[in-house]
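S.K.: Once you've had a glance at the structure underneath, I'll fire off some questions.
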Amino acid sequence: MKIELFYGFTLNSNKIIIFFILSTVFISGTITTTVHATENPGILMLFCGNNPINNKYNVDGISAGNIIEGCKERLDGYSWGSRIYILIYAPGWNTDPHKLDIIGNNPDNPITARSREGYMSLEGDECNGFIETAPDHGLFFGSVKLSGVRMDINGDGRPDVFGGNRCHKGNSIIDDGSGRVEAKQEGGVTVSFEYSKDKFITKSALYSWREATLEFDKTEYEITDEIVLTLTDLDNLRWPFDDKIPYEIHIYSDTDTAGILMDAYWIPNYKGIVQMNGHYPIKFNLTYEDESEASSNPFGEGSGLLRVSPGDAIYAKYVDRTLPRPNGVNDDKKILASATVINHSIVKILEEYQISESVNDVKQIQNISQNIVPDWIEEDTVLWLDGKINDYEFAKCVRHLLDKKTSHDSNTTSIPIWVKNNAEWWSEGKITNVEFTNSMEYLVLTGIITI
Ligand SMILES: [Ca+2]
Ligand SMILES: [Ca+2]
Ligand SMILES: [Ca+2]
């Protein structure tokens, strides 16, 4: 439910309640009695999809309402490495209006977090409780991290996450949070605050693994293009919150089927829930002449090199070991992507023949059809089909054919009308180079050449 208030805020139902509570506080002045023992203490908890105190912590002129207003509530979509930012509005626990009070590490009034796999409690003076956002706010901030379970995510045989349940001690509540709970493939995490004896305020959120995606930044590449391939797996780790570990991507082409292995690393993006920003890009270049070469840069910022031939498909493969149900915890899945290297040999031939809307050009094609195919073209076609010569060499044969450097004999076939249509559409930009190249290959294979 969302309501536009006359104050100009858009608030969801929880925030409206808090808003009215705060309005009451502001209108009636300070509340001097402790309310955590009363029946209706007005205590509320929010899970924020962003860090709600960023630049607002203990700053003059910022009210508790300002901070709550900045919390983008999020109750699902977390994963096993997520940090959940939490606000608890508990005015009764503002015991000293001149001091930052702390809640949740009192053994009688603990804050706890429970997931499907884990349980963590802040009871004990040494644990980082939740800290008041300003001396007289009655609003408390903390965070709980989902710690995963001991598991190898990237398939190198060594565990990358280690799980574990513990409260944090002696470090910064603001930066390091309050504690961590184990979380595996999917489940719910519930945070609870016993604000008064046997009285609890709780909030729950869902977490799950997600299937990765792998995307090239274009569908067709020039040989000179730098290729950016982006892995997105929201279940992987993020430096500096976690270890900086590589995620291996296998890159290969029709010409180099062995290809190269490239390491992808997270590009830092701290906006909102870090777990929702899971881009792990790699860059590489193409070559016709040189050997393929993986990047030697340990942080994945250098460029690799992949050997290709004109018209090749290029492929990328990543193995996602963190899959949502109905997959099991031990399942993995190959995530694949592909793109094409533009075949300039054939495109250039066609450009030389200036295929366009003009009648002359159609005649030109018709002239080609009158050409006679010599035996060596047929032989090369067989070699090409068998993969013994590459597209580039074959394209040279086609060029030769189109250059009419061929002898005439009796073997004549005509070009199918759809190939001519394709030529026309291509010249008008209605179909892509790849589509047209395919029709040219068809022309060569079946329109002109009969094997
Ligand atoms: Ca206080
Ligand atoms: Ca590993
Ligand atoms: Ca995944």
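The values are calculated or read from the model by the stated rules, or taken from the named source; none is laboratory data. Computed from a predicted model, the values in this text were never measured in an experiment. Every residue, glycine as well, gets a Cβ built from its backbone with ideal geometry; the counts of neighbours run over all protein chains shown.
S.K.: Taking Gly170 as meeting all but one of (1) crowded, with 22+ Cβ neighbours inside 10 Å; (2) modelled with pLDDT under 95; (3) away from ligand 2 (no atom under 16 Å from the Cβ), write down the number of the exception.
M.R.: Against the list (1) crowded, with 22+ Cβ neighbours inside 10 Å; (2) modelled with pLDDT under 95; (3) away from ligand 2 (no atom under 16 Å from the Cβ), Gly170 comes up short only on (1).
S.K.: Among the numbered criteria (1) farther than 20 Å from Gly49 by Cα; (2) within 16 Å of ligand 3 (Cβ to nearest atom); (3) buried (at least 18 other Cβ atoms within 10 Å of the Cβ), which one does Ala134 miss?
M.R.: Of the numbered conditions (1) farther than 20 Å from Gly49 by Cα; (2) within 16 Å of ligand 3 (Cβ to nearest atom); (3) buried (at least 18 other Cβ atoms within 10 Å of the Cβ), the odd one out for Ala134 is (2).
S.K.: Please name all residue pairs, on different chains or six or more residues apart, with Cβ atoms under 6 Å, provided the first residue is in the range 244-269 and is outside the structural domain of Val161 (by TED's automatic domain parsing) and over 13 Å from Thr230 (Cα atoms) and the second residue is part of a strand (DSSP E or B) and within 16 Å of ligand 3 (Cβ to nearest atom).
M.R.: Leu261/Glu248
S.K.: Sticking with this one: Among (1) surrounded by 14 or more Cβ atoms within 10 Å (Cβ to Cβ); (2) away from ligand 1 (no atom under 16 Å from the Cβ); (3) more than 18 Å from Ser82 (Cα to Cα), which single condition is Arg158 missing?
M.R.: Condition (1) is where Arg158 drops out.
S.K.: Which residue is farthest from Val161 (Cα to Cα), if the candidates are limited to the range 224-283 and must be among the small types (Gly, Ala, Ser) and more than 16 Å from ligand 2 (Cβ to nearest atom)?
M.R.: Ser253
S.K.: If you scan the range 72-107, which residues turn out to be without any contact (Cβ under 8 Å) to a residue 40 or more places away in the chain, away from ligand 1 (no atom under 11 Å from the Cβ) and not in a strand (DSSP E or B)?
M.R.: If the condition is that a residue be without any contact (Cβ under 8 Å) to a residue 40 or more places away in the chain, away from ligand 1 (no atom under 11 Å from the Cβ) and not in a strand (DSSP E or B), then Pro107 is the only one that fits.
S.K.: Please specify each residue of the range 208-258 satisfying the condition of being buried (at least 21 other Cβ atoms within 10 Å of the Cβ), away from ligand 3 (no atom under 14 Å from the Cβ) and assigned to a loop (DSSP other than H, G, I, E, B).
M.R.: Residue satisfying the conditions is Thr255 alone.
S.K.: Within the range 130-147, can you find the residues that are outside any strand (DSSP E or B) and not small (Gly, Ala, Ser)?
M.R.: Thr133, Pro135, Asp136, His137
S.K.: Which of the residues spanning the range 261-284 are surrounded by fewer than 21 Cβ atoms within 10 Å (Cβ to Cβ) and touching a His at 6+ places or on another chain (Cβ under 8 Å)?
M.R.: Residues satisfying the conditions are Leu261, Ile267, Asn269.
S.K.: May I pose another question? Residue pairs, Cβ under 7 Å, 6 or more apart or interchain, first in the range 142-160 and under 30 Å from Cys71 (Cα atoms) and within 16 Å of ligand 3 (Cβ to nearest atom), second among the aromatic types (Phe, Trp, Tyr) and not in a loop (DSSP other than H, G, I, E, B). List them.
M.R.: Filtered contacts from the range 142-160: Leu146/Tyr78; Leu146/Tyr207.
S.K.: Quick one: would you say Glu220 is under 22 Å from the mean Cα position of the chain (by Cα), more than 16 Å from ligand 2 (Cβ to nearest atom) and not assigned by TED's automatic domain parsing to the domain that holds Pro110?
M.R.: Considered against the rule, which asks whether it is under 22 Å from the mean Cα position of the chain (by Cα), more than 16 Å from ligand 2 (Cβ to nearest atom) and not assigned by TED's automatic domain parsing to the domain that holds Pro110, Glu220 comes out as yes.
S.K.: Considering only residues that are of a type in the set (Val, Ile, Thr) and surrounded by fewer than 23 Cβ atoms within 10 Å (Cβ to Cβ), which ones fall in the range 76-124?
M.R.: Once the filter is applied, which keeps residues that are of a type in the set (Val, Ile, Thr) and surrounded by fewer than 23 Cβ atoms within 10 Å (Cβ to Cβ), the range 76-124 yields Thr95, Ile102, Thr112.
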